[in-house]
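Undergrad: First the structure, which I've put down as structure tokens, then a few questions once you've had a look.
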Amino acid sequence: MTAAFFAALAGLVGVMIGRLWDIRSESTRWRRDQKTASYQRVIEQFQVTYEAIRVVALTDTDAAAFQALIEHTRSGGFAAWDSAVAAVWLHGSTDVVVAVTDLDEALGALFSAATDRQIQDRAEWDQARQPAGAVFEQFVNAARRELDLPPAPVRVFHSAQILPTTGHDSAAITEQRRGS
């Protein structure tokens, strides 16, 4: 009778420990999935937002039409971006939150330069977009570190001054960028 009691008790304890382990594992997977999804949304929305800013920057039109384009872009172009950034603020690690905040500020500065007509042609656009591209690359690298992914070279805007590298030597890429 005692052996049966202890066997039943051991079975119950085993089930309880297994269920606690499952709950913990599910919670960890859920958090990782939320981080991954929010980081992916930022990457997707960066492309959309960047393109909207590019259109504003390179549009050559009269003042009234330009102002209408700016208002249209402000009213419809940034809500999804803001939502994606807020999701990272909620789910991201400290390093990724800092990186996405820097990216948000860089896109804001790029949009301000576009709306203030500080960008007049393609050459000026190519120069003005570089800081946003560099900060975006920092965001991607921070997200990859957070998700325990190996480092990978990420170049959003290719520059003729940065030579192609062989392999994935991030130190060599960083050194090339410093030199340019």
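The values are calculated or read from the model by the stated rules, or taken from the named source; none is laboratory data. Here the structure is a predicted model, which means the values were calculated and not measured. All Cβ positions, glycine included, derive from the backbone under ideal geometry; neighbour counts span all protein chains shown. Note: areas computed on protein heavy atoms with side chains; ligands, DNA, RNA excluded. Shrake-Rupley method; radii C 1.70, N 1.55, O 1.52, S 1.80 Å.
Undergrad: For a Förster distance of 41 Å, can you work out the FRET efficiency between the beta-carbons of Ala86 and Val15, rounded to the nearest 0.05? Kindly include the intermediate steps, with their values, before the conclusion.
TA: Values: r = 40 Å, r/R0 = 0.98.
For R0 = 41 Å, the calculated efficiency reads 0.55.
Undergrad: Let me ask something additional. How far is it, in nm, from the label point at Val98 to the one at Arg122 when both lie 7 Å from their Cα along the line to the Cβ?
TA: 3.8 nm
Undergrad: How much accessible area does Leu103 have with a 1.4 Å probe, in Å² rounded to the nearest 10?
TA: Leu103 exposes around 0 Å² with every protein chain in place.
Undergrad: Further, regarding this structure: Averaging over all projection directions, find the projected area of the Cα convex hull of the range 1-130 and quote it in nm² with one decimal place. Before the final figure, lay out the partial values.
TA: Values: hull surface 41.1 nm².
Reported value for the Cα convex hull: 10.3 nm².
Undergrad: Using a probe of 1.4 angstrom, how much of the accessible area of the range 57-145 is carbon and sulfur, in percent?
TA: Working: 2360 of 4520 Å².
The computed percentage sits at 52.
Undergrad: Right, something else. In terms of solvent-accessible area of protein heavy atoms at a 1.4 angstrom probe, what is the ranking of Trp89, Trp81, highest value first?
TA: Values: Trp89 130, Trp81 5 Å².
Result, largest first: Trp89, Trp81.
Undergrad: In square angstrom, what is the accessible area per residue of the range 84-129 with a 1.4 angstrom probe?
TA: Normalised by residue count, the accessible surface of the range 84-129 is 49 Å².
Undergrad: Per residue, how much accessible surface does the range 15-81 expose to a 1.4 Å probe? Answer in Å², no decimals.
TA: Details: 4420 Å² over 67 residues.
Dividing the accessible area of the range 15-81 by its residue count gives 66 Å².
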